[in-house]
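Novice: Before we start, here is the structure in question, set down as structure tokens.
The values are calculated or read from the model by the stated rules, or taken from the named source; none is laboratory data. Values in this document were obtained by computation on a predicted structure and should not be read as measured data. Ideal geometry is used to build each Cβ from the backbone, glycine not excepted, and the neighbour counts take in all protein chains shown. To get the accessible areas, we keep the full protein, side chains included, count just its heavy atoms, and leave off ligands, DNA and RNA. Shrake-Rupley method; radii C 1.70, N 1.55, O 1.52, S 1.80 Å.
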Amino acid sequence: MLKTLRLQLRFLVPLVVTLIVAAFLAVPLLDQVTLRWFSRDLNSRGVLVANALSDSVSEALLGADAGRLRPLFDRAAQDERLVAIGLCDPGGMLLQSTAAFPGFLTCPAALALSRQAAPRLALEGGAVHVGVHDVISQATAPQGPSTAEESPSALLGRLVLVHDLSFIDRRSQDTRHYLIGLIMALGLVIAFITVVVAQLSWRGWVNGARALMRGEGLLSPILPVPELAPLAADLRARLRDLEDEYRRSQGSQADWTSDRLRTLLRTQLSGDQVIVVSNREPYIHEHGDAGVVVKRPASGLVTAVEPVMRACSGTWVAHGSGDADREVVDTADRVLVPPGQDAYRLRRIWLTAEEEQGYYYGFANEGMWPLCHVAHVRPVFRESDWEAYRAVNQRFADAVVAEARSEDPVVLVQDYHFALLPAMVRAKLPHATILTFWHIPWPNPESFGICPWRREILQGMLGSTILGFHTRFHCKNFIETVDRCLEARIEHEHSTIAYQEKETLIESYPISIAWPSEADKAAWLPVDECRRRVAERLQLPPDACLAVGVDRFDYTKGILERLNAVERLLEKWPSWIGRFVFVQVAAPTRGALDEYRTFQERVQRLAQRINHRFGRPGYQPVHLLARHHEHDAVTEFFRAADICVVTSLHDGMNLVCKEFVAARDDLQGVLVLSRFAGAARELQEALIVNPYHVEETADALHRAAGMPAAEQRERMASLRSTVREFNVFRWAGRMLTDAGRWRLRERIEARVRRFQSS
Ligand code: ADQ
């Protein structure tokens, strides 16, 4: 209010000054004009009086008896306006006058005065008007103010009529008051109108600009404010620049925490509904010995997305895969999770065995998974799998639409199981903000080109508003693939693809883990205790150098390659025999697929061979623990280990290495990391290896096993600060911030379109 008042004063002060100046100029002007009007009136009045008196005056003058005119003059002067009458002879002598005739007023002075435009004389009792009228011998005389010079021979005398002017003063004072009053009233009205109009326009303008910033309508979204139309275009261009600047500047600013993410959801997405879609559910209900038990699956995706869902209390749509899942859901197939905390809703989708076979095992895991991971396993594409994949994508898309409480929810689509879903959701909810995150790598265009349904997959993915990958390299591969397969407009500068009038931002969002809280850390056993427990359980030698690998039992994770490296280490440096122990914790996965079964058997055979070759009583070099472990058990391994080995042949990111780093608050332990994992770009202080190069990996294991404690501390401290800062809340926060800005842009563009069409 004060701000607008200040603005309005800029109008009001000049207005008031102008009005005062106008009043100053107008009042004397008005006085003069009214005086002139009244003088003219009084002159005409004088002519009438003079005419009335002229006969008597002529007679008296011709009879040289001016004295008898006095009673006549006195009678005439009884008129309230006529103050005095005087009679002058042609020579300028005053012959007769009434009592009130000003004594100092001589006939020539009266004559001179009467010839002025406003013949005004100031007397003690007030101003008077002096008029001189000729008395002429002809019958027609006198006609007006003196014309003696034109016919001097006929002039008998001059009547001097003195009229009261005080009434004029009174009237012009009244007029002056009216005028000043009028100007003031006018000023007030103008000021009032100015204030109201300025206030309304300012508010309208500000609201319009604000609405424009939010991308909404003004007070009434249907009525555009035309003044804002050019601004809208500028604003749109500027926002786009800011967006790019912001994306580039997303460096190492403030820490990302779940609270900050929650605040972001509140501010940028202002309570918008968030729906996650993934194949894997975050909690699985299964029948155990003691009734129904809840399990958390071994999945990088679940590890990353779960903390985000806890922070935003949304809905998670996923395949209900547990054998007790149906028993705990409500009639709409929903259940609140995590058990006991009820932070968000899990909506379960039931799949038949055939659907699961075709969509999940078939197309997703025998087709897409090997297609995207260049791990030298041939993808298998079956028409029937593709049909099932499409049908299941549609079922999940329908569930998302059914769960949506508004027409523009934020939908987070997870992974390669749902390449078609973004476009399917977009078809039903055109205003939804769809963020698809591709958790696995994206191959080069040649590799992807072997997929028979490459166009459909790309079209489906381009239904997303934002398409995220772990690294810039994967983004580049995707953009190049689209360039090869579709008629799309690619803007490399902004990293966007416009396809069929719809724009998708392609951006890298390196995924991560939630940095352990104080409560998490308090629950951890001390490192020595973890080590003692693991050593006891696996009967390790007291001076053992313990290396661990924790993975899903997947051929992309390079488990065979790391076992080969362990074998080479023991071969090359026999001094490690009896001391170097490698523990592989492998969560069973996709065991229904031949490729996986064969792979898992090969790993088992290789482990047996190494144990056979180098083992001895009381020493088993390789322990293969092929079962699911709870999170605490995995953490215990991480804390007990001297070395963590991650040798993926190709990995989107790999969270295991980050979990290892987070678990080592004692700043000890060495990370051996494959250069083909996305994480290698961030975790430079690890010992980076090419897992295909057995010798190099064996050397790295040797180096890690003998690394001095001080060097371990240096490396670990640096790794920890990276993982702490680039945590999962930053991953989600950056994506959601981009989504928020994108929503804003979309709204502005909708507005601009409305302007342009209006
Ligand atoms: P994943 O291929 O599942 O993820 P990863 O990122 O390493 O790979 O995550 C595995 C998760 O499962 C980790 O949280 C780990 O602790 C857990 N886990 C592994 N073995 C386990 C076991 N035996 N018992 C219990 N838990 C176990 C995919 C991509 C990755 C990407 C993630 C996230 O392949 O590249 O990093 O998604 O985007």
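Novice: With under 28 Å from Pro510 (Cα atoms), in contact with a Leu (Cβ under 8 Å, 6 or more places away or on another chain) and either open to solvent by 10 Å² or more (accessible area, probe 1.4 Å) or of a type outside the set (S, T, N, Q) (or both) as the only criterion, which of Pro297, Pro282 stands out?
Specialist: Going through Pro297, Pro282 in turn, the sole match is Pro282.
Novice: In the range 304-355, which strands (runs of 3 or more DSSP E) lie fully inside it and hold 1 or more residues that are buried (at least 19 other Cβ atoms within 10 Å of the Cβ) and within 16 Å of the ligand (Cβ to nearest atom)?
Specialist: In the range 304-355, 315-319 are the strands (runs of 3 or more DSSP E) which contain 1 or more residues that are buried (at least 19 other Cβ atoms within 10 Å of the Cβ) and within 16 Å of the ligand (Cβ to nearest atom).
Novice: What is the number of the single condition among (1) within 41 Å of the chain's Cα centre (by Cα); (2) more than 9 Å from the ligand (Cβ to nearest atom); (3) part of a helix (DSSP H, G or I) that Lys658 does not meet?
Specialist: So the condition that Lys658 fails would be (2).
Novice: OK, next. Which numbered condition trips up Glu630, out of (1) open to solvent by 20 Å² or more (accessible area, probe 1.4 Å); (2) more than 10 Å from the ligand (Cβ to nearest atom); (3) charged (D, E, K, R)?
Specialist: Exception for Glu630: condition (2).
Novice: Same structure again: Restricting to the range 562-581, name every residue that is more than 15 Å from the ligand (Cβ to nearest atom) and either under 21 Å from Phe638 (Cβ atoms) or open to solvent by less than 10 Å² (accessible area, probe 1.4 Å) (or both).
Specialist: Leu563, Ala565, Val566, Leu569, Leu570, Arg579, Phe580, Val581
Novice: Identify, by number, the condition in (1) open to solvent by 30 Å² or more (accessible area, probe 1.4 Å); (2) in contact (Cβ under 8 Å) with a residue 40 or more places away in the chain that Val670 doesn't meet.
Specialist: (1)
Novice: Read through the list (1) more than 11 Å from the ligand (Cβ to nearest atom); (2) out of contact with any strand residue (DSSP E or B) (no Cβ under 7 Å at 6 or more places or on another chain); (3) open to solvent by less than 50 Å² (accessible area, probe 1.4 Å), then give the number of the only condition that Thr697 fails.
Specialist: (2)
Novice: Which count do you get for residues in the range 106-115 that are assigned to a loop (DSSP other than H, G, I, E, B) and surrounded by 13 or more Cβ atoms within 10 Å (Cβ to Cβ)?
Specialist: Count: 1.
Novice: Next up: If only one of Tyr499, Tyr509 is open to solvent by less than 10 Å² (accessible area, probe 1.4 Å) and among the aromatic types (Phe, Trp, Tyr), which one is it?
Specialist: Tyr509
Novice: Have a look at Ala139, Ala100, Ala127, Ala118 and point out the one that is part of a strand (DSSP E or B) and either open to solvent by 20 Å² or more (accessible area, probe 1.4 Å) or modelled with pLDDT of 75 or more (or both).
Specialist: Ala127
Novice: Check every one of the helices (runs of 4 or more DSSP H) wholly within the range 374-482 and list those with 2 or more residues that are open to solvent by 10 Å² or more (accessible area, probe 1.4 Å) and over 20 Å from Gln500 (Cβ atoms).
Specialist: Per the criteria, 383-403, 445-448.
Novice: Taking the criterion of being under 41 Å from the mean Cα position of the chain (by Cα) and either within 11 Å of the ligand (Cβ to nearest atom) or not in a helix (DSSP H, G or I) (or both), would at least one residue in the range 636-643 satisfy it?
Specialist: So far as the range 636-643 goes, no, none of its residues is under 41 Å from the mean Cα position of the chain (by Cα) and either within 11 Å of the ligand (Cβ to nearest atom) or not in a helix (DSSP H, G or I) (or both).
Novice: Determine which single condition Met653 fails, assuming it passes every other condition in (1) open to solvent by less than 10 Å² (accessible area, probe 1.4 Å); (2) over 28 Å from Tyr359 (Cα atoms); (3) of a type in the set (A, V, I, L, M, F, W, C).
Specialist: Status for Met653: all satisfied but (2).
Novice: How many of the residues making up the range 259-278 are more than 15 Å from Val411 (Cβ to Cβ) and surrounded by 19 or more Cβ atoms within 10 Å (Cβ to Cβ)?
Specialist: Residues that pass the stated criteria total 2.
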